[in-house]
Structure formats: C-alpha cells, structure tokens
Amino acid sequence: RHDVDAIICQGSEAGGHGLRRNLGNSTMALTSQVSRLIKSNCKTTASAVIPVLAAGGIVAGKHLVSALCLCDGVVLGTRFWASNESIGNPALQQSLLKNHSCDDVIRTTIFDRIENELKSSCKWPQPYDSVGALRNRTTREWEGKSEVEWRDAMDGSDLLERYKSSAEKSDGDVVCVLAGEGVGEIDSIEGAYDIVMKIEEEALEIIDRFK
C-alpha cells in the first residue's frame, strides 16, 4: 500500500555499505524479525504481504535454502560482483578469487574515512560510513587507531596521496575491495545466468533431500 515492491534485509555479513558493525544485525536474525513483523502487520491491516528478501553472505544454494526458512528470497551482491557482467574494476574483481575465508572480511569505517577526505561531494554520512571489504594492508595498519592518530595522518602525512596513487594502480592490497563474508565460497568469475542456475540447482537438490 506504500508502493513497496520488497523489503531487503541486509545483514552485517554483507559487502559494501551498511550500518556500522556495532549498530547492525546478522542477516538471518534481522530477516527473521522483519518477516515476522511484516506478516503480523499484514494480518492486522488485511493488506497484501510484502516480500522480504535476505542479503548478506549469500552466494550458494544452501544459503538460499536457509533464507527461505525465514523469508521469500535473497539478494546477491558479492556473488554478482564476481560475474562477467559486473562493471567493477577487473583487477579488484580478481581479488575476490583468492583463497579467502569469512575471517578475511571486515566491516570497517577505515576506507570511508580516507575516501571521504578525497571526495568533494557524495560523502558517506554516519552511521552508513562503513563497508564490508577484504582485509588488506590498509586495514591492518589503521584498525584500532585513535582519533588523534587519524587527525595527524590526515593533516601531516602522505596517507591520502598514497591511497589515491594505489587506487589509480588498482592495488587491492591498499584500496577498498568490497566483499561480503560469503566470498570464501567464490572460486570463479562466471556469467550471471550460470550463477543463478547453479544456485537454483543446489537449492533444489537440498530441498529434495528434505522430502
């Protein structure tokens, strides 16, 4: 009734921008609570049920099946970032295929603190100045730094110039490579159609085992 096609529940496992880690919720917990709220509201108001979709850490059929226990479907982010159709930087895209695990992903404000300083407009505001990304030299160097250390770096070091230079070289060990916690199960760059079909096939096989 508010022209809403669907509600996407993006958990803190997701890649890309979202709430800071201390403010967010996990994908499944958030999705479960929102689904319950929507269904309860629709029963009370006799309105049509709005589809609820889970997002964050979902890259395979088994994740789809898990989500379907709670909601109506899923949204893929990192898995489509690792697709032939992706318009992202090809060099950074290849970083997704390294031997990662979910421990190699961090939700951090580090990259936005740096990139907001380099931008003249369209800066990410609090509390959305947080990204899910691959850990790298920048996160290792700056995670846990104090406000004083950040101010000193912005005012009196070559941090911004080094980061800008690394971005021009597409150096994934320095710049932000967006990725969700499901990246450890991505081992190839494929076409979007093939990705969807593989996820559907795996999901159906799992569902058949339940019968």
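The values are calculated or read from the model by the stated rules, or taken from the named source; none is laboratory data. This structure is a prediction, so every number in the text was calculated from the model and none was measured. Note: ideal-geometry Cβ built from the backbone for every residue, glycine included; neighbour counts use all protein chains shown. Please note that ligands, DNA and RNA were not included when accessible areas were found on the heavy atoms of the full protein model with its side chains. Shrake-Rupley method; radii C 1.70, N 1.55, O 1.52, S 1.80 Å.
For a quick protection proxy, order the peptides 156-163, 29-36 by their average other-Cβ count within 10 Å, most packed first.
The peptides rank, most packed first, as 29-36, 156-163.
Run the helix sum for the chain: -39,500 (n - 2.57) per DSSP H stretch of 4+ residues, divided by residue count, reported at 222 nm to the nearest 500 deg cm²/dmol.
Value at 222 nm, helices only: -12500 deg cm²/dmol.
Find the eigenvalues of the gyration tensor of the Cα atoms of region 38-91, then list the square roots of 5 times those eigenvalues as equivalent ellipsoid semi-axes, largest first, in whole angstrom.
Gyration-tensor ellipsoid for region 38-91: 31, 13, 7 Å.
To test your reading of the geometry: what angle, between 0 and 90 degrees and rounded to tens, separates the Cα axis of helix 27-45 from the longest principal axis of the chain?
50 degrees
Once you place label points 7 Å from the Cα toward the Cβ at Asp194 and Gln126, how far apart are they in nm?
Inter-label distance under the simple model: 4.6 nm.
Using every pair of alpha-carbon atoms in region 110-170, split the distances into 5 Å bins beginning at 0 and state the percent of pairs per bin, rounded to integers.
4, 15, 27, 31, 19, 4
Just add up the charged neighbours of Ser26: K/R +1, D/E -1, any other residue whose Cβ is under 11 Å from the Cβ of Ser26.
-1
Which whole-number percent of Cα pairs in the chain have a distance greater than 21 Å?
Pairs farther apart than 21 Å: 59 percent.
Using the crude model of +1 on Lys and Arg Cβ and -1 on Asp and Glu Cβ, and no other charge, please compute the dipole size for region 82-164 relative to its Cα centre, in debye to 20.
Roughly 200 debye, rounded to the nearest 20.
Simple spin-label model, 7 Å along Cα-to-Cβ: Asp158 to Ala91 in nm?
About 1.8 nm, to one decimal.
Specify which residue in the list Gly73, Ser32, Asn84 is farthest towards the positive end of the charge dipole of the chain, using unit charges on the beta carbon of Lys, Arg (+1) and Asp, Glu (-1), about the Cα centre.
It is Ser32.
Might you tell me the accessible area per residue for region 1-122, computed with a 1.4 Å probe and given in Å²?
I get 55 Å² per residue for region 1-122.
Points 7 angstrom from Cα along the Cβ direction at Cys102 and Lys39: gap in nanometres?
With each label placed 7 Å out from Cα toward Cβ, I get 2.4 nm.
Quick one: of Lys62/Lys98; Lys98/Lys164; Lys123/Lys164; Lys39/Lys62; Lys123/Lys145; Lys62/Lys145, which pairs are farther than 26 Å apart, Cα to Cα?
Going by Cα-Cα distance, Lys62/Lys145 fall outside the 26 Å limit.
Return one number: the angle in degrees, 0 to 90 and rounded to the nearest 10, between the long axis of the Cα atoms of helix 159-168 and the longest principal axis of the Cα atoms of the chain.
So the helix axis and the longest Cα principal axis differ by about 60 degrees.
Using the Cα centre as the reference, give the magnitude of the dipole from point charges on the C-beta atoms of the chain (Lys, Arg: +1; Asp, Glu: -1; all else neutral), rounded to the nearest 20 debye.
Dipole about the Cα centre, nearest 20: 740 debye.
Percent of accessible area on the chain owned by carbon and sulfur, 1.4 Å probe?
51 percent
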